[in-house]
């Protein structure tokens, strides 16, 4: 584990829970945490039961007793760690966004493919059961010809002007460490989900904004210009001919984790909201569905409580009607990765897949800079 | 029109709107308003376009130019007016509850049946399109064997101790004029809907409460004991073997017009809430419904926006997606009454039907007094 | 009344209901309906009680007994009728969108201003009580510095390929008569509401799409190319520095009348959905609001049932907890117009105000054609 | 751990997660699982990491290396195990309902109190953060004089006639092993929550029903009469003068885990639904609350997303906007128990507290048998 903090906790929890809930042969052993701050690394390792800590990630990559490198360090470190890990023949799991930009992401993808090491990017929301159910609904052909996709990822935690930026806890607000603001942090999720459900995004036009222009640095106390995008919105064309709208911000008062999407097709629609992760909303056009029988008086949005044994992942947990939490999305992702190892069918999204999301992110930022529509270059 | 006030307005509006929205031959003419307070009656008649006013309802009943008597006077007057109107050969429409008690209701029913005059009781909520759709769903056999019915009718407008009681505006809070509190005013609606959807209620056990023991009289200013039930709750057995819970109050802070019901059967369920009258919620058990095809992963409560042309009454109004208001339930009821006249198929609920609801109300109040289960005597 | 049909009904209803619900001195008299199809005009006039019909709108404009011209004819006729009516010194009410384009809208605005005649454009949704309450919340300063505005207006009624276009019933689908598709029909509403609540929109970038390329003409049966925009989405900058996303379509399966907006500010947010018109959702940032007292554990989106006597327009109708319908938005608009006449404070939106919305619509369509950001030219 | 199965998993998970999320000194060690079926016990112990298994619970109670006995065996075994464990000086945690009846519960309470051993009953729903927040809202005096409490606990999993009863997996459907049906299994939760929030229940009148009269035994295949209550509903009086309605069933089609409650007081109300465990709905009567300032136009039910650091338990988990799952209620309960040990302030509900709930359950069943109101005997 390279890095710790919030994502470090979420990943560690996944490793420790894997064999409680999934029948797989691999049994993760928590070996080492590497981080600059040795005191915090120590506390973290003690809390979660890692065997040792290291100050330099390079020694972890080089260690013989390590089979898998999990990267939860700030984004600017992803490239170097991933490439070194791949070259050392380790499996590599990397937090999203994959990289600072497409160029890095390409290098990283080349490295893991050349080394032939198993790899995955933690787009954990694909493992929300309701989102996995949405994918199943799409794959079952229930949506029909797609017309529209719309996604938002809204939060409100940086509205106050006195929120600092930078440092170990708030590197996501520091352009140099994060690479971008909401585009990489939040929209990357929206884009990954969108392309998983609705295929490649081919063109975009975007607008970004930084509402608060200066913030204090969390550690130095210096007033600095804010470099990241506080908000980003874009219009998109999908390869399948449908249209998309995307918006993300940390300035939507009252929205905590409002990661929503809606896909509208000729035969049906789905809607999801991460603040109510136990539900998938589904609209089925009954005339189509029931053939001869017209039941227009019964059409309506159906709120599916995704907690039956028939639902994705839910047979691993409790009983119908009970919910799982945020952390289980990481556990499900890890389980899928391990099952991929054991079955020989590598899990998605791997680095190559995440590279496509990176292409869209870069195109969005470029469009925001130039004010023009951009081709994304995503493989169709 | 005998009486005025809130219900007088709602009924008058229905008469004036009938021919704008329904293709019927009858064209209502607003002739006369009778009320004790001549000044208010005059203002009311001017506002709504009645031709004249009267101080004594007896002269209206006797008038040759009157074909139909609509009773919106306080409950204690229903009996005398209805019987006199029937004896005079007039059609009689009566606000709910039909009477102060079963004995009066029986007399009234006898009178209209003996006179052979068309009659209806204004249980207007049957004409909410979503409730009419619930009835259609039941009649289509989609619920299966019924197990449970639960209803609430919650309001919060009498919580403050300084709300006065009695007088022209607040006779509903005066036991002598109203006969009961929430039981006759609110639960009567719940009971009418319940028996319409789920058949006769045969046994009940009940509890009533008066939270505020004394109130000022609205006109005299005198402090008086409160005689009505502020709240009433009861358990019920239906003739079809299902169980019911009913509750009504004017002390549920935050509930304005929370008239809800839910019916659970082996094959499906419906839920309704009058604060969201445009929706019927419907749960369809898909394994049953779709025969061979098991689609358990798609089951969920469906929120039907009851605004399609296929929905009850909605072809008379605007376009799909638009809603109608509270007042249209009276208009729909009147239209059904007139269509009943013109087709020779009398509308329901007539006096005899409303007498059954009165039986349940009386049994509930009697059970609350005695603490024992009571047979309702409703015809099965 | 020039024209009839759906909007003709909604407006006629408003004229007939005005004095039942509002205490104003003016008493509308329904004089004449003008329409090409004399048979339909006759049926319409009979249904609603108009005194006579005319085949040529010019004779209505010229008639001495007419004080007010209400234009519900197809959009391509708005300009000529409005200008002629203004020149004849009549009051002019016009359905939205005001015109086929900015140039026409400017001519019309000049005409009514030069003639000094009272005028209004029927952006009826401003008169939904919950939207009027949103305006009140904004005006009370409860939102704080605005960051984001997002609006959708989604429907699904033209998905089927065999929906015809054109003719008396479906002129909205015919480019020559409507001027545009969803942009003028639906987005014009969204833009009007947005600028009412959040001020001028200054720049836009847009994308439109026509999903079904050919349709049968409703009257001739000929297969024709579809000229209108089936869907339109755009990004916007507001003069106050906030960002906007807008989207409209008739291809969002399951969305009937999904006219939604959300405004996020530093201190609070509001959300509205026309499918649930009785609610305004409001998020109040309590730390700010309650001063010393921090009550972060109680923050949440508040679903305000806009049916209290304190709410806009609701003291004119029934009792708390009851809802009004779609048609009352027209009645409220008419009442505001008449109150404007009687108080000497002209109602908004008048032609000049609606001209601003037209500027945004034209800019959106132009941006969609060119792929570039456009200045709207709206007065700031 | 005496017993295994569903609750065994939930408890085991709690023990294993305790030190990951809570800073307590105790570190649970999973020693032994006792169960009749050795094969299943072995699989369970392997899955969760228990050191050994036993076939007889008595040997566990007698073992020197065991400090705490956790009882998840069928209800009919609770009494003997708990008393033996207490006499052996072990801490005792017991699944709900505490016992088969009040008599057993009294014996058990006496035993743990006499032995002076720490004890707790797993009414885990008190540890749902939103329910704990409801308790906080009540304790802060925000509800005012209470008028009404209503609770439902609805499920639908036994509707099919071919669901078997009895045996290791389905002992909850077997009267001899469970003691009652929904009353002990589901209503016990509702009653515990109700008395925690709203004080003692003093009188009840109840009705139970068994819809399916005969079922196959899960292990023997024999057709047997069904002894348990499939459904139970009752009316209640609280010591504080408020009224209650309670209903539970496994025959409410579409309701999976519909454990809801609502408390209405003069100043505010709260509502909760376990199918949406991340929300507490709260209605605040603003006139009262804000003193001078009347803000009736802003009142509404507030949907609190209980995921802020300020919310009960949520500072132990992830970030605002993320949810926890069903299993965490057990973890929170265990943490509270351990914190109680470490701070010397014993956790609630202990056996004595759970005995009160047992009194209500017994009174409900007795009332259902006799058809009469019953005093519960709960200490006031």
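Of note:
- Residue in segment C:306-322 that is under 19 Å from the mean Cα position of the chain (by Cα) and under 26 Å from residue D:299 (Cα atoms) present: yes
- Residue match in segment B:213-231 (condition: in contact (Cβ under 8 Å) with a residue 12 or more places away in the chain and within 30 Å of residue D:230 (Cα to Cα)): yes
- All of A:92, A:102 fail the test of being within 23 Å of residue A:186 (Cβ to Cβ) and touching a helix residue (DSSP H, G or I) at 6+ places or on another chain (Cβ under 8 Å), apart from A:102.
- Residue in segment B:135-156 that is away from chain D (no Cβ under 14 Å) and crowded, with 23+ Cβ neighbours inside 10 Å present: no
- In segment C:9-28, the residues that are within 17 Å of the chain's Cα centre (by Cα) and away from chain B (no Cβ under 12 Å): C:11
- Residue B:113, sole failed condition from (1) closer than 29 Å to residue B:328 by Cβ; (2) surrounded by fewer than 18 Cβ atoms within 10 Å (Cβ to Cβ); (3) in contact (Cβ under 8 Å) with a residue 40 or more places away in the chain: (1)
- In summary, helices (runs of 4 or more DSSP H) completely within segment A:113-201 and bearing 3 or more residues that are touching a helix residue (DSSP H, G or I) at 6+ places or on another chain (Cβ under 8 Å) occur at A:129-139, A:175-178, A:188-198.
- Scanning segment A:175-197 for residues that are more than 25 Å from residue A:76 (Cβ to Cβ) and surrounded by fewer than 24 Cβ atoms within 10 Å (Cβ to Cβ) returns A:196, A:197.
- The sole residue among B:34, B:43, B:85, B:63 that is without any contact (Cβ under 8 Å) to a residue 40 or more places away in the chain, crowded, with 22+ Cβ neighbours inside 10 Å and more than 17 Å from residue B:119 (Cβ to Cβ) is B:34.
- Selection within segment C:198-214: residues that are more than 11 Å from chain A (Cβ to nearest Cβ) and surrounded by 22 or more Cβ atoms within 10 Å (Cβ to Cβ). The member of this set that is nearest to residue A:374 (Cα to Cα) is C:201.
- Residue match in segment C:242-262 (condition: farther than 20 Å from residue A:252 by Cα, crowded, with 22+ Cβ neighbours inside 10 Å, within 23 Å of the chain's Cα centre (by Cα) and more than 14 Å from chain B (Cβ to nearest Cβ)): yes
- Here B:168, B:218, B:239, B:194 are screened, and the one residue that is closer than 29 Å to residue B:128 by Cα, modelled with pLDDT under 95 and more than 13 Å from every other protein chain (Cβ to nearest Cβ) is B:168.
The values are calculated or read from the model by the stated rules, or taken from the named source; none is laboratory data. A quick note: this is a predicted structure, and the numbers were derived from the prediction, not measured. When we count neighbours, we look across all protein chains shown, and the Cβ atoms used for this are built from the backbone with ideal geometry, even at glycine.
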